[in-house]
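The values are calculated or read from the model by the stated rules, or taken from the named source; none is laboratory data. The shown structure was predicted, so the numbers you read here are calculated from the model rather than taken from an experiment. Counting neighbours? That spans all protein chains shown, and the Cβs are built from the backbone with ideal geometry, glycine included.
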Amino acid sequence: MPRKVILDVDPGFDDALALCMALFDPRLEVVAVTAVGGNVPPQQATRNVQAIVEQLDPPRLPRVGAASPPDAGLPVDSRHLYGIDGLGDVEIQVAELRAPHPSEKIICDEVRAAPEEVTLVALGPLTNIARAFQRDPELPSLVHRIVIMGGTVSGSGNITPAAEFNIFCDPVSARAVFRSRSTKTLVPLDVTNRVILTFDFLDQLPAEATRVGKFLRRILPPAYRAYRQEWGLEGIHAHDTVTLVAVTNPEWFKTQEMAGDVETRGELTKGATVFDRRRAPAWRCNMEVVTDLDAEKVVEEIQRNLAHAGKCTAGR
Ligand code: BDR
Ligand code: CA
């Protein structure tokens, strides 16, 4: 039986890449894709989710949820790197802009409809998930698991020296989710940084004649250009895609139980994830944290998965 998942995303090229994989993966049943503000402001995130689902036209249409700003507003986004629309400004059309339900409502509905069966794959700030938990306080125990891309254990941050982007965008929500009584797996920057999709990855994408190939061949080159200009890297990170592989292929990831929390106020450390790694920890373990991965296997899986998505969308 395929695993029921909700993808909570702020697309973003790497969220989009993860969607290309998940929506055609026979091991997953994507019951909903919920938009959250992060790489782009909430309205744009909602539009991007609708546009991506429409462009890809997957066999099962997921429900789509609309993003709204975090209570404290969104402190940053990635538009200076990836374009005004966050997807390289390649003008992705969306024919039918509907007014979807709020993301947190969709999360509540879908988890309630299949208690203990739904995995939440959180690839953006944790705004929606914290709100869903606030709206329905029993929800944390009804979710099968939350797999979160975010934070950093011992490496540096990527948006400030201390903080990773997703957590920095909404540290108060991140703290609420970290502290909730849910089963969690954190996939931090320390490990997602170890996977780099080099230029040959671009050549091996599904052909232009497939929906997935056509879409990725438009949105990924601007991301490669941004990485080269900004960081001198001959490739891109795909943090969200790696996180999705941790859901489908946990065998290539090493994990450790840890006690983690989020700094919500520090002048220099706001949004930093903090783990009690003292010899005699006083905090109780509240999540499983990925500490290592097999980068080669992960890249092969991404390629295999996209090749499959290409076949599913050939000639359409
Ligand atoms: C995370 O931040 C966003 O820019 C990416 O989409 C990813 O989810 C990496 O820090
Ligand atoms: Ca993301």
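Looking at the structure I just gave you, is A35 within 16 Å of V247 (Cα to Cα), at pLDDT 95 or above and within 16 Å of ligand 2 (Cβ to nearest atom)? Talk me through it step by step, then tell me what you get.
Values: within 16 Å of V247 (Cα to Cα): no; at pLDDT 95 or above: yes; within 16 Å of ligand 2 (Cβ to nearest atom): yes.
Against the criterion (within 16 Å of V247 (Cα to Cα), at pLDDT 95 or above and within 16 Å of ligand 2 (Cβ to nearest atom)), A35 does not qualify.
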Self-check item: Qualifying residue in the range 230-246 (condition: within 16 Å of ligand 1 (Cβ to nearest atom), farther than 18 Å from G155 by Cβ and out of contact with any helix residue (DSSP H, G or I) (no Cβ under 8 Å at 6 or more places or on another chain))
Solution: no
Quiz item: So, in the range 156-174, of the ones that are under 16 Å from E230 (Cβ atoms) and touching a Phe, Trp or Tyr at 6+ places or on another chain (Cβ under 9 Å), which residue ends up farthest from ligand 1 (Cβ to nearest atom)?
Solution: T160
Practice problem: Kindly establish whether P100 is more than 16 Å from ligand 1 (Cβ to nearest atom), at pLDDT below 95 and in a loop (DSSP other than H, G, I, E, B). | Solution: yes
Exercise. Consider S154 carefully, then state whether it is surrounded by fewer than 24 Cβ atoms within 10 Å (Cβ to Cβ), among the small types (G, A, S), under 27 Å from L268 (Cβ atoms) and in contact with a Pro (Cβ under 6 Å, 6 or more places away or on another chain).
Key: no
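Out of L142, L220, I need the residue that is in contact with a Pro (Cβ under 9 Å, 6 or more places away or on another chain) and either hydrophobic (A, V, I, L, M, F, W, C) or buried (at least 20 other Cβ atoms within 10 Å of the Cβ) (or both). Which one? Walk me through how you get there before you give the answer.
Working: L220 fails: in contact with a Pro (Cβ under 9 Å, 6 or more places away or on another chain).
Result of the check over L142, L220: L142.
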Quiz item: For the range 158-208, which residues satisfy the criterion of being within 16 Å of ligand 2 (Cβ to nearest atom) and in a loop (DSSP other than H, G, I, E, B)?
Solution: N158, I159, A163, E164, D170, P188, N193, V195
Quiz item: Wholly within the range 1-92, which helices (runs of 4 or more DSSP H) include no fewer than the required count, namely at least 1 residues that are touching a residue at least 40 places away in the same chain (Cβ under 8 Å) and among the polar types (S, T, N, Q)?
Solution: 42-56
Quiz item: Which is of a type in the set (D, E) and within 12 Å of ligand 1 (Cβ to nearest atom), of D71, D109, D89, D10?
Solution: D10
Practice problem: For the range 192-207, state whether one or more residues are out of contact with any helix residue (DSSP H, G or I) (no Cβ under 6 Å at 6 or more places or on another chain), of a type in the set (A, V, I, L, M) and touching a residue at least 40 places away in the same chain (Cβ under 8 Å). | Solution: yes
Exercise. Name, by its number, the condition in (1) farther than 16 Å from L186 by Cβ; (2) touching a strand residue (DSSP E or B) at 6+ places or on another chain (Cβ under 8 Å); (3) not in a loop (DSSP other than H, G, I, E, B) that does not hold for L233.
Key: (3)
Exercise. State which residue pairs qualify: first residue under 13 Å from M149 (Cα atoms) and inside the range 222-246, second residue of a type in the set (S, T, N, Q) and more than 15 Å from ligand 2 (Cβ to nearest atom) in any location, beta carbons under 7 Å apart, and separation of 6 or more residues or different chains.
Key: A246/T185
